[in-house]
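The values are calculated or read from the model by the stated rules, or taken from the named source; none is laboratory data. Source: prediction; values computed, not measured. Heads up, the Cβs are rebuilt from the backbone with ideal geometry, glycines too, and the neighbour counts pull from every protein chain shown.
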Amino acid sequence: MNHMDVVKRIDTIIVNSSNEAINEQLLNDDTDLVSDLMFDSISIISLVIELEKEFDFEFCDDYLRLEYLRQYSWIVEFIEKEVIGCETREQTD
């Protein structure tokens, strides 16, 4: 799985977890899900559940913190490194 595959899957989950209609083109490394996309606590919980289902893992309690989960870049990096176990940004396929 390459970086773009991971990002596409995460983007779809974020769009589907939001209470607001959002365009995937708004998602970038600087996106704050709470202040930029108006995610509330229910949206964050939905996001966590869907990420766990999609990538077949469970967040440990240490990572279930808003300061992490609100950051798009942290989510992508976490999934790539901790869940998939590779740094997909370096792959070109």
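State yes or no: is Leu33 of a type in the set (A, V, I, L, M) and out of contact with any Phe, Trp or Tyr (no Cβ under 6 Å at 6 or more places or on another chain)?
no
Do we have any residue at all in the range 16-26 that's at pLDDT 95 or above and touching a Ser or Thr at 6+ places or on another chain (Cβ under 7 Å)?
Within the range 16-26, none of the residues are at pLDDT 95 or above and touching a Ser or Thr at 6+ places or on another chain (Cβ under 7 Å).
For the range 18-35, give me each residue that is surrounded by 13 or more Cβ atoms within 10 Å (Cβ to Cβ) and closer than 15 Å to Val76 by Cβ.
Scanning the range 18-35 gives Leu26, Leu27, Thr31, Leu33.
Looking at (1) of a type outside the set (Lys, Arg); (2) in contact with a Lys or Arg (Cβ under 8 Å, 6 or more places away or on another chain); (3) modelled with pLDDT of 95 or more, which is the one condition that is false for Glu80?
Condition (3) is where Glu80 drops out.
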